[in-house]
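Here the structure is laid out as structure tokens; the discussion comes afterwards.
The values are calculated or read from the model by the stated rules, or taken from the named source; none is laboratory data. Note that the coordinates shown come from a computational prediction; the quantities given were computed from them, not determined experimentally. Cβ sites come from the backbone with ideal geometry, for glycine too, and all protein chains shown count toward neighbours.
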Amino acid sequence: MTRSLGRLKQLPRVDLAHVPTPIDELKNLCQHVGGIKLFVKRDDCTGLAFGGNKVRQLEFYLGEAQAQSADTVLITGAVQSNFVRLAAAAACKLGMKCCIQLEDRVADVDSVYKNSGNVLLDRLFGAKLYYYDKGEDEAGADRRIREIAGELEEKGRRTYVIPLAPGHPPLGALGYVLCAQELLQQMNGANLDFAETVTASGSGHTHAGLLFGLKALGSDMKVTGICVRRDADAQQQRIESRCHEIAQLLGITNPVARSDINLVDAFLAPGYGMSNPAAMEAIELSAHLEGLLVDPTYTAKSMAGFIAIARQHKADSKRAMLFMHTGGQPAIFGYESKLTRYLLNPDEIAY
Ligand SMILES: Cc1ncc(COP(=O)(O)O)c(C=O)c1O
């Protein structure tokens with residue numbers, strides 16, 4: 001057991017997040033599922049521009065950008081990406097320019113999706129928007145954003161690209177290694193013991209960082225990733241390689257075994273950014289029972305997974321489970337038409 005986070009404190013980082021984020025009990029949801037104690041870590045409350053998990057991740061990317069004296073940050077993501085909205089906000093705060101490439105990843109969307117929610121905020125932060133219409137193509141999207149960076153460099157700008165596809169050091173995951181440390185301190189301080197935490201698993205930075213940090217610090221808390229982007233087999237490989245890369249970045253032995261990686265892809269269909277009945281139920285239950293907002297793309301699916309796991313464990317009232325709320329609320333407004341149709345007539349919506 002290493003019980004050390006190696007070089008973590010020496011790596012460049014800027015302070016962006018309001019931490020520690022609170023841990024709240026979900027008493028009504030607990031009663032609803034039948035007994036097991038449920039809690040939420042409010043990483044949707046990380047402070048910057050409506051918050052979310054990406055604030056912790058940006059601390060390391062933008063730390064590196066500043067160490068390289070970059071004046072312009074470039075990032076690519078889905079049209080309703082929370083990551084790009086937060087990169088734009090952070091760039092404003094740090095006095096940098098931001099260029100965003102929006103990828104057409106989700107079929108069958110309307111003009112509200114294309115302009116409201118996160119896109120409205122991207123524009124409000126003054127980001128320059130570019131569009132990538134080839135759909136799901138991580139490597140291609142990364143290539144195009146690097147071309148744009150090259151064009152800006154020729155005009156004298158000092159650019160920093162936040163990459164999307166694998167093949168780059170997973171700096172963002174370091175934010176969740178730190179979060180694991182914060183969580184263990186909070187649990188100690190409040191005498192809490194979580195048997196399991198559930199998080200959305202997309203790029204895998206949140207999932208891998210949290211799992212790595214918990215294992216490195218000697219915790220045996222189970223971390224379950226709910227797939228929101230690709231199926232469990234593909235995501236397993238991603239999390240595994242991310243953990244190896246985190247170990248390299250920190251200069252410590254990888255404490256994560258293949259068998260530590262738990263993934264559930266039952267809530268992914270019909271695909272990234274598209275909803276299903278369990279996700280819609282999770283949006284409604286969280287709101288009605290806890291006044292808690294989850295977004296259609298990420299946290300509705302992870303909440304649906306959390307509820308399903310809690311239902312399986314309902315007889316075990318000594319266990320406690322933690323939902324990692326990774327944010328995403330501005331996207332609710334991007335999905336206004338679908339959500340309104342569902343709320344007005346839940347039985348008639350086509351998924
Ligand atoms: C709100 C929200 N939750 C979860 C995720 C997934 O996190 P990760 O990419 O670290 O797997 C994202 C990714 O953009 C997100 O915006």
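Couple of notes before you dig in:
- Of all residues in the range 139-158, exactly one satisfies the criterion of being of a type in the set (Asp, Glu) and buried (at least 18 other Cβ atoms within 10 Å of the Cβ), namely Asp142.
- Where strands (runs of 3 or more DSSP E) fall entirely within the range 1-81, those with at least 3 residues that are under 30 Å from Tyr113 (Cβ atoms) and within 16 Å of the ligand (Cβ to nearest atom) are at 72-78.
- Among the candidates Gln236, Gln248, residue that is within 16 Å of the ligand (Cβ to nearest atom), modelled with pLDDT of 95 or more and over 14 Å from the mean Cα position of the chain (by Cα): Gln236
- Answer residue from the range 204-225, given it is in contact (Cβ under 8 Å) with a residue 40 or more places away in the chain and of a type in the set (Ser, Thr, Tyr) and is farthest from the ligand (Cβ to nearest atom) among those: Thr224
- Qualifying residue in the range 299-312 (condition: farther than 22 Å from Arg42 by Cβ, modelled with pLDDT under 95 and of a type outside the set (Val, Ile, Thr)): yes
- Check on Ala17, under 19 Å from the mean Cα position of the chain (by Cα), within 18 Å of Gln181 (Cβ to Cβ) and crowded, with 20+ Cβ neighbours inside 10 Å: yes
- Unique residue being touching a Leu at 6+ places or on another chain (Cβ under 8 Å) and either at negative phi or in contact (Cβ under 8 Å) with a residue 40 or more places away in the chain (or both) when the list is Val84, Val106, Val112: Val84
- Strands (runs of 3 or more DSSP E) contained entirely in the range 209-326, each with at least 2 residues that are more than 25 Å from Phe50 (Cβ to Cβ) and of a type in the set (A, V, I, L, M, F, W, C): 262-264, 320-324
- Scanning the range 115-132 for residues that are more than 17 Å from Ile162 (Cβ to Cβ), surrounded by fewer than 17 Cβ atoms within 10 Å (Cβ to Cβ) and either touching a Leu at 6+ places or on another chain (Cβ under 8 Å) or in contact (Cβ under 8 Å) with a residue 60 or more places away in the chain (or both) yields Leu120, Arg123, Tyr131.
- Of all residues in the range 155-168 being more than 12 Å from the ligand (Cβ to nearest atom) and at pLDDT 95 or above, the one that is nearest to Ser81 (Cα to Cα): Val161
- The set of residues from the range 167-203 being surrounded by fewer than 16 Cβ atoms within 10 Å (Cβ to Cβ), over 20 Å from Asn254 (Cα atoms) and among the small types (Gly, Ala, Ser) comprises Gly189, Ala190.
- For the range 186-203, the set of residues classified as outside any loop (DSSP other than H, G, I, E, B) and within 16 Å of the ligand (Cβ to nearest atom) consists of Thr197, Val198, Thr199, Ala200, Ser201, listed by residue number.
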